[in-house]
Amino acid sequence: MDLKVNQEVVRDAMVIGSSAKMEHVMDMVCRIAPSSLPVLITGPTGCGKEVIASVIHHMRGDPRLPFVDINCAAIPETLVETLLFGHEKGMFTGATGKHQGYLSITGRGTLFLDEIGELPLPQQAKLLRVIEARSYRPLGGAVNLPFEGRIIAATHADLETMIKHRRFREDLYYRLNVLNLEVPSLRERRQDIPELVRFFLRRVEQKVDFTDGALRAMMALDWPGNIRQLKNTIEKISLLSDENPITEQSVAAFAHQQGLSLDETFDSMADQVIDLTCEDKVERMETALVRRALVRAEGNKSQAARFLGVHRKYIERKVKLCNGV
Ligand SMILES: Nc1ncnc2c1ncn2[C@@H]1O[C@H](COP(=O)(O)OP(=O)(O)OP(=O)(O)O)[C@@H](O)[C@H]1O
Ligand SMILES: [Mg+2]
């Protein structure tokens, strides 16, 4: 089943990022960690919710206590109860022995319920009862057993909207959301990208470097899959690229090939230009692009054309039109 106890997550539990947003998250983590209250971690896919959950677990106290990681989306609905609560011998056909459930394995450790929004409604009610009563009864068991662990849940779904559509129980939401931690998308903390790139580069087999321009190109991308996508991209680029160091151009080519979109980056730059108080914005933006490309290319028109993805003739025309840009 989809159960990972400790090692793998722990090995990965390195939280990189010194942007103000990440510092705020880590500050919250330090405050939250010592308590035993439930935590709800929200944030888009791949932004590090699981990493943060395991850091909370490790900061809380004895790291030898289990960190039981359950992906609610991966458990078949019919098995949720037996997997969580466990069952006694002979409970159903094939139940040849007593089965220890996740709640029992967790003990005084942490039960991490990833993708909590995927838990079916009937099982949400059962989980609510465990949290409220701090106890549970294994299937076929005669007595209730205490649950002494800490619950950390995570989701990339908007639970409040799910509540409105009656797909998530409001009472469970309030029980889980006692302490809330919102992990920002990578787009909201682009300053962390160079640090993350260097961190992942140290871990890949093929030792390559990134030029400053390549790092800037990585910072400009959208990363809808957040850190997971950044990590995968670095693994692929370091394996497939022939050049070392990796340049801005190969990042751009790779991004294009992988369909990494720049739409949002362009939209936000467009908003900035639209807000400027002058009339000939489009014209001046084009001129500025050519001017900056020429500066970076140290006056080499062919290189500037490559930077902008235009024909050399376009640069020449622009230079002539503007008397030297
Ligand atoms: N701050 C970070 N520093 C270094 N690596 C990170 C960081 N955050 C995430 N990662 C890495 O990025 C990958 C995705 O992280 P994680 O699984 O925690 O994301 P998630 O938010 O739980 O994703 P999902 O919503 O898909 O479950 C992992 O390989 C993890 O090690
Ligand atoms: Mg996750």
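The values are calculated or read from the model by the stated rules, or taken from the named source; none is laboratory data. Just so you know, these numbers come straight off a predicted model, no measurement behind them. With ideal geometry, Cβ positions are generated from the backbone for all residues, glycine too; neighbour counts draw on all protein chains shown. The area values use the complete protein model at the heavy-atom level, side chains included, leaving out ligands, DNA and RNA. Shrake-Rupley method; radii C 1.70, N 1.55, O 1.52, S 1.80 Å.
Here are the numbers:
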item: Count of segment 34-77 residues which are within 16 Å of ligand 1 (Cβ to nearest atom) and among the polar types (S, T, N, Q); result: 4
item: Members of segment 25-35 that are surrounded by fewer than 13 Cβ atoms within 10 Å (Cβ to Cβ) and either in contact (Cβ under 8 Å) with a residue 60 or more places away in the chain or not in a loop (DSSP other than H, G, I, E, B) (or both); result: Asp27, Cys30, Arg31
item: Complete set of residues in segment 146-156 that are within 17 Å of Leu37 (Cβ to Cβ) and not in a strand (DSSP E or B); result: Phe147, Glu148, Gly149
item: Verdict on Gln249 being buried (at least 16 other Cβ atoms within 10 Å of the Cβ) and not small (Gly, Ala, Ser); result: yes
item: Any hit, segment 5-13, residues being within 12 Å of ligand 1 (Cβ to nearest atom), at pLDDT 95 or above and over 26 Å from Leu139 (Cα atoms); result: no
item: Residue in segment 121-132 that is away from ligand 2 (no atom under 16 Å from the Cβ) and assigned to a loop (DSSP other than H, G, I, E, B) present; result: no
item: Failed condition for Ala133, given (1) free of Cβ contacts under 8 Å to residues at least 40 places away in the same chain; (2) surrounded by 14 or more Cβ atoms within 10 Å (Cβ to Cβ); result: (2)
item: Some residue of segment 208-231 being open to solvent by 90 Å² or more (accessible area, probe 1.4 Å), not charged (D, E, K, R) and not assigned by TED's automatic domain parsing to the domain that holds Val51; result: no
item: Verdict on Ala297 being at pLDDT 90 or above and not β-branched (Val, Ile, Thr); result: no
item: Within segment 32-78, considering residues that are basic (Lys, Arg) and either closer than 22 Å to Glu132 by Cβ or at pLDDT below 95 (or both), the one farthest from ligand 2 (Cβ to nearest atom); result: Arg64
item: Residue within segment 117-125 that is open to solvent by 50 Å² or more (accessible area, probe 1.4 Å), farther than 28 Å from Asn180 by Cα and aliphatic (A, V, I, L, M) present; result: no
item: Single match in Val80, Val143, Val178 (criterion: surrounded by fewer than 19 Cβ atoms within 10 Å (Cβ to Cβ), more than 16 Å from ligand 1 (Cβ to nearest atom), over 23 Å from Ala33 (Cα atoms) and β-branched (Val, Ile, Thr)); result: Val143
item: Scan of segment 188-207 for residues that are open to solvent by 10 Å² or more (accessible area, probe 1.4 Å), within 14 Å of ligand 1 (Cβ to nearest atom) and not polar (S, T, N, Q), ordered by number; result: Glu188, Arg190, Pro194, Glu195, Arg198, Phe199, Phe200, Leu201, Arg202, Arg203, Val204
item: Contacts under 7 angstrom Cβ, first residue in segment 158-176 being among the small types (Gly, Ala, Ser), partner open to solvent by less than 50 Å² (accessible area, probe 1.4 Å), 6 or more apart; result: none
item: When residues of segment 99-116 are limited to those that are touching a His at 6+ places or on another chain (Cβ under 8 Å) and within 16 Å of ligand 1 (Cβ to nearest atom), the one most open to solvent (accessible area, probe 1.4 Å); result: Glu115
item: Residue in segment 184-199 that is closer than 27 Å to Val130 by Cα, modelled with pLDDT of 95 or more and not in a helix (DSSP H, G or I) present; result: no
